[in-house]
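S.K.: Would you mind keeping the following structure in view while I ask a few things?
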Amino acid sequence: MSTLKRALAILDLFSLETPVLTAEEIISRLSYSAPTGYRYIRDLSDLGYLLRMTGGGYKLGPRIIELDHLIIDGDPVLGVARPIMREVVDQVGGDVLLSVIHGLRILNIHHERGPDELGIPHGRGRAHPLFRGATAKTIVAFLPRKDQRRLYDAHPDEIRELGLGGTLAEFTGNLDKIRVQGFYLGVGEISPERAGIAVPVFQEDRRIFGALTVTFLATRLNTIAQDRTAALLQSAARRIESLALATRMKEQAPAA
């Protein structure tokens, strides 16, 4: 592992369960030598990625907040997606999420809230379950086969327990059904009172970027026209893709 990766691995230790860690805990969890660990902690603190608290513990620092602000304001996808997602909320109700996959993690990057109080704990920056819910299953279904195989190899027991397949062939077969349908409806998979419909969002090279999901109270299932809602989401996803590409091309065009 490079020096940069070893230093940045410290940031991955922080979570909702462990928002504050002492230097000793950081060094112990990563099995670094004391001089190396303290040097990394000092450098990350000097750069604003860690903040030392009264009592000696460390938490994630203000530089990360600043970077998130730059992402929100500078991301062409988010720039075009927000008003489109708002339109979906106004037409369907419920909450609308835009989520992406990074490595073996699915993260929500934007959340437009609807009129109902859904209590969704997956706002911006929150990790999403890998194999439960409309968002996850839609994204995983449209991954390249090699990435699906990598996920299966890393989580065979969880995949089997969730009924997604006892073998790699069964797992990919179930994902192919979602792929052919073009969307996924999940009911009560993350919480019993909620349901969701998700469609894929692609990059310009047709690689999967993430998913656009509308989630709503499960009691509204009988009043939601599933096919029409899926078609509305698919239209919104295509608009996001098209406008994001146009924005990128405009930014990359040589100055006149």
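The values are calculated or read from the model by the stated rules, or taken from the named source; none is laboratory data. All of these numbers come straight from a predicted model, not from anything done at the bench. With ideal geometry, Cβ positions are generated from the backbone for all residues, glycine too; neighbour counts draw on all protein chains shown. Ligands, DNA and RNA are stripped out before the accessible areas are found, and what is left, the full protein with its side chains, is counted by its heavy atoms. Shrake-Rupley method; radii C 1.70, N 1.55, O 1.52, S 1.80 Å.
S.K.: Would you report the distance distribution of C-alpha pairs in region 155-256 as whole percents per 10 angstrom bin, up to the bin with the largest distance?
M.R.: Values per bin, smallest distances first: 13, 33, 32, 16, 6, 1.
S.K.: Working out 0.36 nm times the residue gap between residue 207 and residue 36, then minus their Cα-Cα distance, what length gain in nm do you get to one decimal? Working shown, then result.
M.R.: On the way: separation 171, 0.36 × 171 = 61.56 nm, distance 3.92 nm.
So the extension gain works out to 57.6 nm.
S.K.: List the aspartates and glutamates whose alpha-carbon lies under 15 Å from that of residue 59, not counting same-chain residues fewer than 8 positions away?
M.R.: Candidates past the 8-residue exclusion: 12, 17, 24, 25, 43, 46.
S.K.: Using Kirkwood radius over Cα pairs in Å as the read-out, say which of (i) 19.1; (ii) 20.3; (iii) 18.4 was calculated from these coordinates.
M.R.: (ii)
S.K.: Once you list every other residue whose beta carbon is under 14 Å from the beta carbon of residue 55, what net charge do they have if Lys and Arg are +1 and Asp and Glu are -1?
M.R.: On the way: positive: 52, 59; negative: 24, 25.
Result for the neighbourhood of residue 55: 0.
S.K.: Leaving ligands, DNA and RNA out of it, work out the accessible area of residue 131 with a 1.4 Å probe and give it in Å² to the nearest 10.
M.R.: 10 Å²
S.K.: Would you mind putting 234-246, 186-198, 55-67 in packing order, based on average other-beta-carbon counts within 10 Å, highest first?
M.R.: Numbers: 234-246: 17.2, 186-198: 19.3, 55-67: 13.6.
Ranking the peptides 234-246, 186-198, 55-67 by packing returns 186-198, 234-246, 55-67.
S.K.: Okay, moving on. Hey, what's the chain come to in accessible area per residue, 1.4 Å probe, Å²? Don't jump to the answer; show the numbers that get you there.
M.R.: On the way: 13820 Å² over 256 residues.
Per residue, the chain has an accessible area of 54 Å².
S.K.: Checking a compactness column here: for region 1-115, what do you get for Rg(Cα) / (2.2 N^0.38 Å), N being the number of residues?
M.R.: Values: Rg = 18.3 Å, N = 115, 2.2 N^0.38 = 13.4 Å.
Normalised Rg, Cα atoms only: 1.37.
S.K.: On a full-extension model of 0.36 nm per residue, what is the gain between residue 162 and residue 191, subtracting their alpha-carbon distance, rounded to one decimal in nm? Could you put the intermediate results ahead of the total?
M.R.: Values: separation 29, 0.36 × 29 = 10.44 nm, distance 1.45 nm.
Full-extension gain reported as 9.0 nm.
S.K.: On the protein heavy atoms, probe 1.4 angstrom, tell me the percent of accessible surface of region 1-144 carried by carbon and sulfur. Provide the component values of the computation, followed by the final result.
M.R.: Values: 4160 of 7440 Å².
Carbon and sulfur atoms account for 56 percent of the accessible area of region 1-144.
S.K.: List the relative contact order of region 3-65 as a percent without decimals, with contacts defined as Cα pairs under 8 Å and 6+ residues apart. Walk me through the intermediate numbers first.
M.R.: Working: 62 pairs, mean separation 20.0, N = 63.
32 percent.
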